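Undergrad: Sharing a structure here in structure tokens format.
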Amino acid sequence: MAALIHLTTELRSHVLVVRITSEKLIEPKDVHEFDAELARVVQEQTQRAMMIDFARVNRIATGVINSLLLTKKKMLASGGDMVLFGMRQNIRHTCRLLRLDGTIFQIFEEEDQAIGHFQVDT
């Protein structure tokens, strides 16, 4: 896989952990790169469980939410699942306002909680 600009990946147990390395994803160019990188990670990964780490992220554009929605849809279509964790309160608040938190997305505070979601389900 070619180098990623906005993401890193690692395998933890049987779960693919995708860490967003950018603090801000608000510029159209950055959002487009993020979307392409996330799509590539999903296409190339073989794990059915994926968690996305938002710990470094301060601000996101709506295009990032669109990318997450498409990724979740792809994961579910292939029999997998995706959860989010480590969101700062401002981003989590946006997810709540959009009624995504607890409905479309399972969002956890900590990484261990997120991985625990998959341990229970398997």
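Listed here are the residues, each with its yes/no results for (1) of a type outside the set (Lys, Arg); (2) modelled with pLDDT of 95 or more; (3) outside any strand (DSSP E or B).
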residue	(1), (2), (3)
ILE5	yes, no, yes
LEU11	yes, no, no
VAL17	yes, yes, no
SER22	yes, yes, yes
LYS29	no, yes, yes
PHE34	yes, yes, yes
GLU37	yes, yes, yes
ARG40	no, no, yes
GLN43	yes, no, yes
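Undergrad: Moving to a separate point now. If we keep just the residues of the stretch 45-54 that are in a loop (DSSP other than H, G, I, E, B) and out of contact with any Leu (no Cβ under 7 Å at 6 or more places or on another chain), which is nearest to GLY86 (Cα to Cα)?
TA: Applying the filter and picking the extreme gives ARG48.
Undergrad: Just checking, how many residues over the stretch 101-122 are β-branched (Val, Ile, Thr), part of a helix (DSSP H, G or I) and in contact (Cβ under 8 Å) with a residue 12 or more places away in the chain?
TA: Restricting attention to the stretch 101-122, the residues satisfying the condition of being β-branched (Val, Ile, Thr) are 103-104, 107, 115, 120, 122.
From what is left, the residues that are part of a helix (DSSP H, G or I) are 115, 120.
Filter again for in contact (Cβ under 8 Å) with a residue 12 or more places away in the chain, leaving 115.
The qualifying residues number 1.
Undergrad: Could you please find all residues in the stretch 64-100 being open to solvent by 20 Å² or more (accessible area, probe 1.4 Å), small (Gly, Ala, Ser) and in a helix (DSSP H, G or I)?
TA: ALA77
Undergrad: Listed residues VAL15, VAL57, VAL31; which is closer than 23 Å to GLU110 by Cα, in contact with a Leu (Cβ under 9 Å, 6 or more places away or on another chain) and surrounded by 16 or more Cβ atoms within 10 Å (Cβ to Cβ)?
TA: Of VAL15, VAL57, VAL31, the one residue that is closer than 23 Å to GLU110 by Cα, in contact with a Leu (Cβ under 9 Å, 6 or more places away or on another chain) and surrounded by 16 or more Cβ atoms within 10 Å (Cβ to Cβ) is VAL57.
Undergrad: State yes or no: is GLN47 polar (S, T, N, Q) and without any contact (Cβ under 8 Å) to a residue 12 or more places away in the chain?
TA: Numbers: polar (S, T, N, Q): yes; without any contact (Cβ under 8 Å) to a residue 12 or more places away in the chain: no.
No, not satisfied.
The values are calculated or read from the model by the stated rules, or taken from the named source; none is laboratory data. All of these numbers come straight from a predicted model, not from anything done at the bench. Using ideal geometry, Cβ is built from the backbone for each residue, glycine included, and neighbour counts are taken over all protein chains shown. These accessible areas exclude ligands, DNA and RNA; they are computed on the full protein's heavy atoms, side chains included. Shrake-Rupley method; radii C 1.70, N 1.55, O 1.52, S 1.80 Å.
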